[in-house]
């Protein structure tokens, strides 16, 4: 039993150690791939060295896919011709399955580059056209620059010069934006080749010279070789064999790319043939046959057939002619496949763009409909609120009109009472002799006066100024610390209302007693409407004693020679 426990413990320990070791290896691999991703842009040779020494066989599929993509990219940047597509297909399949659009765009682009090196132009075009909408979707400008350049090269080889030039321009613009000297130089070379094909020689040479300046500043041997290749082709097109040989020799000093080297040997051999140096020409042309590029091979076989014919060896000339025909047939087959791939890819590309555009339009349409719906709801809500406001205002207007009619009726009644009072006064004047009648009439006069005063106060109580006065008094009563005063504007409104509902009381007061001050008039008006001395003290912010003193001052100093009244009540009632 004890041995069994020890065995189980050892087994668990081994599993932990194996698990830790696997995780550690995975972390090391992930860290190395992260370094390689950075190095690929600036030091692709170091990146390739690290990748070649990294064992990724037992790692996770995502790491394998990343390794496959970075390894293919490093080979491409080191100008190593691709010969097998099995590695990059790991990345393509993985990134397509996980819907990683950015990485899928890169994977399809580099699969296209592999197909280009394997002379499978149709496959290359298909992959480039798959990668293009993906790169456009995520805005991968670096991949877009490379895609435009390589697609343009395919179109150029198929003689679609206008389409090729438009793609080279797009690639050049991105390179300028990104300050990418390498792709800018390659774009200029490609545009120069288009001009050369159109026989616009001066324009072509201008592009080549600009590219050469950039290549020399970069100290990039491969770019310089490509420039010299194009310049040699330029001089070959204008029948300058000496210059063709000169630039071919300059390009062959680098030999960074076997395809470009083969073309340089072909151009050099063609120039030597023009100078009737057949042996040297044959030597140089034979070196160009080592390439797997069919167009270069076909041109080489045709030149060799021509040389052998001129040297009198017709059998060799005939054999080279046969090889030339075989190359041309293969080229025709590849060209038809490539054109078919271009046509099919363009249809898929345009249909995809059309679908995305249609989806965008649908989105915009739904957005517009939603906006219109919200606008209609907002408008209906505003109209509803507007009509509600109109209804409220109409009700207020009707209420005010009703109050106004009531005030008018009460005012008319007040006038009638005053007329009755006047008639009674006249009647009293003529009936002084009859005391009983006088007593009766006096009572009626007092009653009318009281009714008149009641009507007056009833009308006044509905005014805003009177309500504000009562509110002020109440606040002063509730809070002894309150120092709020009745404003001048409110005083003016109150006096106007008193004057209006009393048929000119304030005006008569001012006329009969011109010595009264503004505060005296206000005091008399408050007395007229029945405000107590205590409340007056609150309104004027004075003591109760000050109010009694003001009453006495008015009676003693300002009414002494103007009225026979013994009290302020009699004086106010008499006005």
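Rundown of residues vs (1) closer than 20 Å to residue 575 by Cβ; (2) within 60 Å of the chain's Cα centre (by Cα); (3) in contact (Cβ under 8 Å) with a residue 24 or more places away in the chain, yes/no style:
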position: 464; (1), (2), (3): no, yes, yes
position: 475; (1), (2), (3): no, yes, no
position: 483; (1), (2), (3): no, yes, yes
position: 501; (1), (2), (3): yes, no, yes
position: 511; (1), (2), (3): yes, no, no
position: 522; (1), (2), (3): yes, no, yes
position: 536; (1), (2), (3): yes, no, no
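Please tell me if residue 213 is assigned to a helix (DSSP H, G or I) and crowded, with 22+ Cβ neighbours inside 10 Å. No, not satisfied. Restricting the search to region 101-119, which residues are in contact with a helix residue (DSSP H, G or I) (Cβ under 8 Å, 6 or more places away or on another chain) and outside any helix (DSSP H, G or I)? Correct list: 119 only. Across region 278-305, the qualifying residues are those that are in contact with a helix residue (DSSP H, G or I) (Cβ under 6 Å, 6 or more places away or on another chain) and not in a helix (DSSP H, G or I), and the one among them that is farthest from residue 262 (Cα to Cα) is 293.
Inclusion of residue 494 among residues that are in contact (Cβ under 8 Å) with a residue 60 or more places away in the chain and either surrounded by 13 or more Cβ atoms within 10 Å (Cβ to Cβ) or not in a loop (DSSP other than H, G, I, E, B) (or both) is not warranted. Looking at residue 264, is it crowded, with 21+ Cβ neighbours inside 10 Å, assigned to a helix (DSSP H, G or I) and at pLDDT 75 or above? Yes, satisfied.
Is one or more of the residues making up region 456-463 touching a helix residue (DSSP H, G or I) at 6+ places or on another chain (Cβ under 7 Å), modelled with pLDDT under 80 and closer than 25 Å to residue 399 by Cα? Yes: one or more hits. Among the residues of region 114-126, those that are modelled with pLDDT of 85 or more and either surrounded by fewer than 23 Cβ atoms within 10 Å (Cβ to Cβ) or under 17 Å from residue 158 (Cα atoms) (or both) comprise 115, 126.
Filtering region 39-56 to residues that are modelled with pLDDT of 75 or more, in a helix (DSSP H, G or I) and exposed (fewer than 14 other Cβ atoms within 10 Å of the Cβ) leaves 45, 52. Quick check, is residue 90 outside any loop (DSSP other than H, G, I, E, B) and surrounded by fewer than 22 Cβ atoms within 10 Å (Cβ to Cβ)? Considered against the rule, which asks whether it is outside any loop (DSSP other than H, G, I, E, B) and surrounded by fewer than 22 Cβ atoms within 10 Å (Cβ to Cβ), residue 90 comes out as yes. Looking at the structure I just gave you, is residue 382 part of a helix (DSSP H, G or I) and under 58 Å from the mean Cα position of the chain (by Cα)? In short, yes.
For residue 323, are the conditions met, namely being under 60 Å from the mean Cα position of the chain (by Cα), in a helix (DSSP H, G or I), closer than 28 Å to residue 244 by Cα and at pLDDT 70 or above?
No.
Within region 53-75, is there a residue that is touching a residue at least 40 places away in the same chain (Cβ under 8 Å) and more than 38 Å from the chain's Cα centre (by Cα)? No.
Take residue 237 and decide whether it is modelled with pLDDT of 85 or more and either touching a helix residue (DSSP H, G or I) at 6+ places or on another chain (Cβ under 8 Å) or surrounded by fewer than 22 Cβ atoms within 10 Å (Cβ to Cβ) (or both).
On the way: modelled with pLDDT of 85 or more: no; either touching a helix residue (DSSP H, G or I) at 6+ places or on another chain (Cβ under 8 Å) or surrounded by fewer than 22 Cβ atoms within 10 Å (Cβ to Cβ) (or both): yes.
In short, no.
Taking residue 81, is it under 37 Å from the mean Cα position of the chain (by Cα) and at pLDDT 80 or above? Criteria not met by residue 81.
Out of 551, 483, 522, report the one residue that is loosely packed, with under 13 Cβ neighbours inside 10 Å and modelled with pLDDT under 90.
Numbers: 551 fails: loosely packed, with under 13 Cβ neighbours inside 10 Å; 522 fails: loosely packed, with under 13 Cβ neighbours inside 10 Å.
The conditions single out 483.
Pairs meeting the criteria (first residue in region 291-308 and touching a residue at least 12 places away in the same chain (Cβ under 8 Å), second residue outside any helix (DSSP H, G or I) and surrounded by fewer than 20 Cβ atoms within 10 Å (Cβ to Cβ), beta carbons under 7 Å, at least 6 apart or on different chains) are 292/119; 293/119; 294/119; 297/289; 300/289.
The values are calculated or read from the model by the stated rules, or taken from the named source; none is laboratory data. Just so you know, these numbers come straight off a predicted model, no measurement behind them. Note: ideal-geometry Cβ built from the backbone for every residue, glycine included; neighbour counts use all protein chains shown.
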